[in-house]
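Enquirer: Dumping the structure here so I can ask a few things about it.
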Amino acid sequence: MTGAKTAVFIYWLLGFGVSVFADVWKVEVESEVKALEGSCVVLPCSFKYPGVVQPSSRKSGIWHKEKDWNYFIFHEDRTQIADNFKERTKLAGRLGDLNCSLEIDGVKNHDNGPFCFRVELQTSVTDKYSFVKNCVRLNMIVDAPPPVLHSDDSVHEGQPAVFKCSVRHTCPSHQPTLTWSHKGKELVTYKDIGHGNWEVESILSFTPTSADDHTNIICTVQYHGLRKGYETSRPVFVKEQATYNHILIPSICALGAALLVGVVCFLLVKRYKKRIEDLQSRNDNSMFSRLSRMSRRFRSGGNNSESDGRHQRRSIWGRFSRRGHGDQTDSNLDKRSNKTGNKPRMPSPKSQAKSSSGHDYDDDYTNTADLNIYGNA
Ligand SMILES: *[C@@H]1O[C@H](CO)[C@@H](O)[C@H](O)[C@H]1NC(C)=O
């Protein structure tokens, strides 16, 4: 002990941390660890001893029953191990790292413990220490826990979906494996969640299709040492891209239809714009004036074919030069038609517009042009 204290002092002076050394025997374990029957369990353990650090070869670790110090569940001399634990135990950690964690495989329901760690140092004077005040009790789990499965509440077609499957366990030396019923990208993580408990989580991501609707996603856990797998399933309801299609498609259709109608209207308007304008100007001429013109024409004795032809020619001309030129011609024409004195006849659509007197020529003229345009249309 004196040597140890001196060594500590020297190392402290040299600036090394003193934490590596301790002047007491100390062990850190979990007083109770859950163990899955048939599987494996690791009892976490770390220890300290007084004095300088010994090489691994000069210390040995032993685990024994709390009540029976000679009932070895683990010993470096395997022949010393109780029959019930032979081939089932090994140190999971390295004693050189002051890690005394013990792995028990093929856990049996009577492996309850409590179990205690003992360290033996092969120093000049052999130091042995059993940490019987800090022993570990095993809490047996008979029914293997199924995995916990999480998924999004709603899964949408064509959008990546994520499923999480996890299990807690106490055997980090042989982690349980998680498998999925559906193909996808898997990401597996192992976490030490403290107090000898570990968690394996597998995240599955895939893009669901309508074929996945009303199917089950199954996550299966396979614990080390157990033949059977344990599964958890969850139904999947894939929401169609309805939210988009039911809005987008009708919108596009409506827009397209509106565009089409618009284009057609535009073309129609363009094509018949002139016609519409003419219609409007025609409406300006009241029915009365037209009737009175007709009656005047009857009285004046109608028209002959010659004047018809001339009138037509004038109308075509009139389309290009609306005013002025026609006046004289027309009045001549009127005089001539008066002289001819043919028998009155029913006016043809063309002759209807013919003027019989000079003063209402303007109206008449316009109408003639209209008629010709309609005739052409
Ligand atoms: C001891 O070893 C075990 C098994 O390798 C490991 O899981 C644990 O983290 C180690 N403990 C410490 C304190 O390093």
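The values are calculated or read from the model by the stated rules, or taken from the named source; none is laboratory data. As the structure is a prediction and not an experimental result, all values here were calculated from the model. Ideal geometry is used to build each Cβ from the backbone, glycine not excepted, and the neighbour counts take in all protein chains shown. Just so you know, the surface numbers come from the protein's heavy atoms only, side chains and all, with ligands and any DNA or RNA stripped out. Shrake-Rupley method; radii C 1.70, N 1.55, O 1.52, S 1.80 Å.
Enquirer: Checking the condition within 16 Å of the ligand (Cβ to nearest atom), aliphatic (A, V, I, L, M) and modelled with pLDDT of 95 or more, which residue from VAL167, VAL188, VAL200 passes?
Expert: VAL200
Enquirer: For the stretch 247-299, how many residues are β-branched (Val, Ile, Thr), at pLDDT 70 or above and open to solvent by 100 Å² or more (accessible area, probe 1.4 Å)?
Expert: 1
Enquirer: Could you list, in sequence order, all residues of the stretch 180-214 that are among the charged types (D, E, K, R) and under 14 Å from VAL236 (Cβ atoms)?
Expert: Within the stretch 180-214, LYS183, ASP212, ASP213 qualify.
Enquirer: Looking at the stretch 116-128 only, could you name the residues that are at pLDDT 90 or above and either open to solvent by 20 Å² or more (accessible area, probe 1.4 Å) or more than 16 Å from the ligand (Cβ to nearest atom) (or both)?
Expert: Answer for the stretch 116-128, where residues must be at pLDDT 90 or above and either open to solvent by 20 Å² or more (accessible area, probe 1.4 Å) or more than 16 Å from the ligand (Cβ to nearest atom) (or both): CYS116, ARG118.
Enquirer: Now for a separate question. Every residue in the stretch 33-88 that is of a type in the set (Ser, Thr, Tyr), within 16 Å of the ligand (Cβ to nearest atom) and more than 48 Å from the chain's Cα centre (by Cα), please.
Expert: Within the stretch 33-88, TYR49, SER56 meet the criteria.
Enquirer: Follow-up. Check off (1) in contact with an Asp or Glu (Cβ under 7 Å, 6 or more places away or on another chain); (2) open to solvent by 60 Å² or more (accessible area, probe 1.4 Å) for CYS40 and give me the number that stays unchecked.
Expert: Checking CYS40 against (1) in contact with an Asp or Glu (Cβ under 7 Å, 6 or more places away or on another chain); (2) open to solvent by 60 Å² or more (accessible area, probe 1.4 Å), the one that fails is (2).
Enquirer: Please work out which residue is modelled with the lowest pLDDT, limiting yourself to the stretch 53-85 and to residues that are in contact with a Ser or Thr (Cβ under 9 Å, 6 or more places away or on another chain) and open to solvent by 40 Å² or more (accessible area, probe 1.4 Å).
Expert: So, considering only residues that are in contact with a Ser or Thr (Cβ under 9 Å, 6 or more places away or on another chain) and open to solvent by 40 Å² or more (accessible area, probe 1.4 Å), the one modelled with the lowest pLDDT is ARG58.
Enquirer: Among the residues of the stretch 90-101, which ones are open to solvent by 20 Å² or more (accessible area, probe 1.4 Å) and touching a residue at least 60 places away in the same chain (Cβ under 8 Å)?
Expert: ALA92
Enquirer: Taking only pairs six or more apart or across chains, which ones have beta-carbon atoms under 7 Å, a first residue in the stretch 192-217 that is under 30 Å from LEU43 (Cα atoms) and touching a residue at least 60 places away in the same chain (Cβ under 8 Å), and a second residue that is assigned to a loop (DSSP other than H, G, I, E, B) and open to solvent by 20 Å² or more (accessible area, probe 1.4 Å)?
Expert: Note: pairs meeting the criteria are HIS195/GLU30; GLY196/GLU30; GLY196/PRO44.
Enquirer: Moving on to the next point. Of the residues that make up the stretch 148-159, is at least one over 36 Å from the mean Cα position of the chain (by Cα) and either under 29 Å from VAL33 (Cα atoms) or not small (Gly, Ala, Ser) (or both)?
Expert: Within the stretch 148-159, none of the residues are over 36 Å from the mean Cα position of the chain (by Cα) and either under 29 Å from VAL33 (Cα atoms) or not small (Gly, Ala, Ser) (or both).
Enquirer: Filter the stretch 102-115 down to residues that are within 14 Å of the ligand (Cβ to nearest atom) and either surrounded by fewer than 21 Cβ atoms within 10 Å (Cβ to Cβ) or charged (D, E, K, R) (or both), then give me how many there are.
Expert: Of the residues in that region, 2 qualify.
Enquirer: Tell me which strands (runs of 3 or more DSSP E) are completely within the stretch 129-239 and hold 3 or more residues being surrounded by 15 or more Cβ atoms within 10 Å (Cβ to Cβ), or say none if there are none.
Expert: Answer list for the stretch 129-239: 137-141, 148-151, 161-169, 177-180, 197-206, 215-222, 230-236.
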